[in-house]
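J.: If you scroll down you'll find the structure; I have some questions about it.
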């Protein structure tokens, strides 16, 4: 399968670095980007991406000499306003000068993570300041921003190298001194300032157990991280963790860089041992599973859940939550009851819409069965007494339908929603008032079936997604210049100014009104967990 091959260098695996007589170990500084919020900081990332890349390149013979996270050591309480052309947001973390002062002069490379599209508002000025202070040290950027807007990064900053996709193999090959043009997934600047791109996505490991266990390294200040979770939990000591990578599906709205790719899991043995390590050494009492598809394969999920049940039965309970959502199509009664027995506090069901037309426009997998299956899962959750929330996307604008089965459904059931037909595809309008009423009716059925919470989210056109391209092509973007538009919409306190989709059948104001209505008539539980220690230092 394309780009899903273990890395080879001169016939050797990268972990066999000692076999290369020309090998020269490099010294790396790992740097987390400051965060941006629309108000007060809501969480603390545990920087899993940096941790995995760091662990892998160390295993390949290189050395991490500094790890810098500006949100630590009191940085989470330092908030500065940033005025953009259209909105105001807040930079959270130690100032750029503090960050730069902590970068060792003898670093051979600086690896910096830009986790979200909106990171650019703090990422670009920081990188330029670093390059001014350290003009001879190459800067390598990774993360979602790097994957979706690599050329914008090189245009706006003096960064040297951008990695599109997963960073372990690409990072090792960069440090090993391979020609940059030969490394898949790179966009880079040569010595003359010219920009080059290898159009392939970065190589990925089929066996992700080849990535060393992040718990065996001391590069991250884990004891501080566990006190404030990526979902805002300060009541427990939380381990943010992924047990698998990738997603085989291609939802139009999804900004996950590795969607449509082979799903790969860490072995159950590895997962269990890492969890046990965090319990033994860091007193962890809660695990936030960050997987996009934890339930994709039952043979992966069940052994992990059963192990946590044994811990609970032995008097060492560890709570679980699944804030990203779980794959509804792959859930069955056994997994639901196993989740409950393992101490799961809440799961989220990515329902997205109660109207089949919208699900088809989203390219939601198994759309025709999705709503019935979700109701069945809701009944199982009620039977198991497992709290479940349901995500709904409000104001979804519509989309392009190119598959024959989906077109047949649209032509038969929703002919009035067709905007145009061209190039063997149909363009259809999305959520209007009638469609929203359908979603409300379905959400009420879910609550009656056993879902405890409804979480409405407003449709967001993230750069790099098909949804963004469709909105751009059809003129549905309020502010097409995304370089000056804050992308992320707050779950808890959205504002009309931040909504960037407007269609004849749903204005930004109407989308906000629908969000507000759902928030008023349903019990809402967002991923940000309320705490009785809000005034304490996490």
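The values are calculated or read from the model by the stated rules, or taken from the named source; none is laboratory data. What you are looking at is a predicted structure, and each value in this text was computed from that prediction instead of being measured. Don't worry about glycine lacking a Cβ; one is built from the backbone with ideal geometry, like all the others, and counts go over all protein chains shown.
J.: Which of the residues spanning the range 196-228 are buried (at least 16 other Cβ atoms within 10 Å of the Cβ), touching a residue at least 60 places away in the same chain (Cβ under 8 Å) and not in a loop (DSSP other than H, G, I, E, B)?
T.: Scanning the range 196-228 gives 210, 214, 215, 222, 224, 225.
J.: Can you tell me which residues in the range 35-94 are farther than 26 Å from residue 498 by Cα and part of a strand (DSSP E or B)?
T.: Within the range 35-94, 63, 64, 65, 66, 67, 68 meet the criteria.
J.: Moving on. Among the candidates 165, 171, which residue alone is touching a helix residue (DSSP H, G or I) at 6+ places or on another chain (Cβ under 7 Å), in the same structural domain as residue 98 (by TED's automatic domain parsing), in a loop (DSSP other than H, G, I, E, B) and touching a residue at least 40 places away in the same chain (Cβ under 8 Å)?
T.: On inspection, the qualifying residue turns out to be 165.
J.: Taking residue 479 and the conditions (1) modelled with pLDDT of 65 or more; (2) surrounded by 14 or more Cβ atoms within 10 Å (Cβ to Cβ); (3) closer than 22 Å to residue 392 by Cβ, which numbered condition does it fall short on, given that it satisfies the others?
T.: Going through the list (1) modelled with pLDDT of 65 or more; (2) surrounded by 14 or more Cβ atoms within 10 Å (Cβ to Cβ); (3) closer than 22 Å to residue 392 by Cβ, residue 479 breaks only (3).
J.: Same structure, new question: From the list 422, 443, 382, exactly one residue is over 25 Å from the mean Cα position of the chain (by Cα), farther than 24 Å from residue 87 by Cβ, surrounded by 20 or more Cβ atoms within 10 Å (Cβ to Cβ) and not assigned by TED's automatic domain parsing to the domain that holds residue 143. Which is it?
T.: None of the other options fit; the residue is 443.
J.: Based on what the data block shows, is residue 460 farther than 19 Å from residue 513 by Cβ and under 22 Å from the mean Cα position of the chain (by Cα)?
T.: no
J.: Among the residues in the range 344-365, are any in contact with a helix residue (DSSP H, G or I) (Cβ under 6 Å, 6 or more places away or on another chain), part of a strand (DSSP E or B) and assigned by TED's automatic domain parsing to the domain that holds residue 327?
T.: There is at least one residue in the range 344-365 that is in contact with a helix residue (DSSP H, G or I) (Cβ under 6 Å, 6 or more places away or on another chain), part of a strand (DSSP E or B) and assigned by TED's automatic domain parsing to the domain that holds residue 327.
J.: Could you list, in sequence order, all residues of the range 404-419 that are closer than 17 Å to residue 368 by Cα and crowded, with 16+ Cβ neighbours inside 10 Å?
T.: Across the range 404-419, the qualifying residues are 406, 407, 409, 410, 414.
Yes/no per residue for (1) modelled with pLDDT under 95; (2) surrounded by fewer than 23 Cβ atoms within 10 Å (Cβ to Cβ):
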residue	(1), (2)
85	yes, yes
91	yes, yes
94	no, yes
102	no, yes
117	yes, no
129	no, yes
145	yes, no
148	yes, yes
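J.: A further question on this structure: Hey, among the residues in the range 22-52 that are farther than 16 Å from residue 69 by Cα and at pLDDT 95 or above, which one's surrounded by the fewest Cβ atoms within 10 Å (Cβ to Cβ)?
T.: Applying the filter and picking the extreme gives 27.
J.: Any idea which residue in the range 366-394 is farthest from residue 452 (Cα to Cα), counting only those that are out of contact with any helix residue (DSSP H, G or I) (no Cβ under 7 Å at 6 or more places or on another chain) and part of a strand (DSSP E or B)?
T.: Top of the filtered list is 393.
J.: Would it be correct to say that residue 334 is closer than 19 Å to residue 375 by Cα and part of a helix (DSSP H, G or I)?
T.: Yes; evaluated as a whole, the condition is true for this residue.
J.: What are the residues in the range 229-268 that are part of a strand (DSSP E or B) and crowded, with 19+ Cβ neighbours inside 10 Å, if any?
T.: Within the range 229-268, 238, 239, 240, 241, 244, 245, 247, 265 qualify.
J.: Also: Scan the range 454-473 residue by residue and report those that are over 15 Å from residue 431 (Cβ atoms) and either assigned to a helix (DSSP H, G or I) or at pLDDT below 95 (or both).
T.: Matches in the range 454-473: 455, 462, 463, 464, 465, 466, 468, 469, 472, 473.
J.: One residue is enough: does the range 298-313 have a residue meeting the conditions surrounded by fewer than 17 Cβ atoms within 10 Å (Cβ to Cβ) and assigned to a loop (DSSP other than H, G, I, E, B)?
T.: no
J.: Checking the structure you have, find out if any residue of the range 132-142 is in contact with a helix residue (DSSP H, G or I) (Cβ under 9 Å, 6 or more places away or on another chain), over 21 Å from residue 61 (Cα atoms) and in contact (Cβ under 8 Å) with a residue 40 or more places away in the chain.
T.: no
J.: I would also like to ask the following. Please pick out the residue among 231, 264 that is within 28 Å of residue 68 (Cβ to Cβ) and in contact with a strand residue (DSSP E or B) (Cβ under 8 Å, 6 or more places away or on another chain).
T.: Only one candidate passes the filter, namely 231.
J.: Please give the number of the condition residue 318 fails out of (1) more than 17 Å from the chain's Cα centre (by Cα); (2) surrounded by 19 or more Cβ atoms within 10 Å (Cβ to Cβ); (3) modelled with pLDDT of 95 or more.
T.: Failing condition for residue 318: (3).
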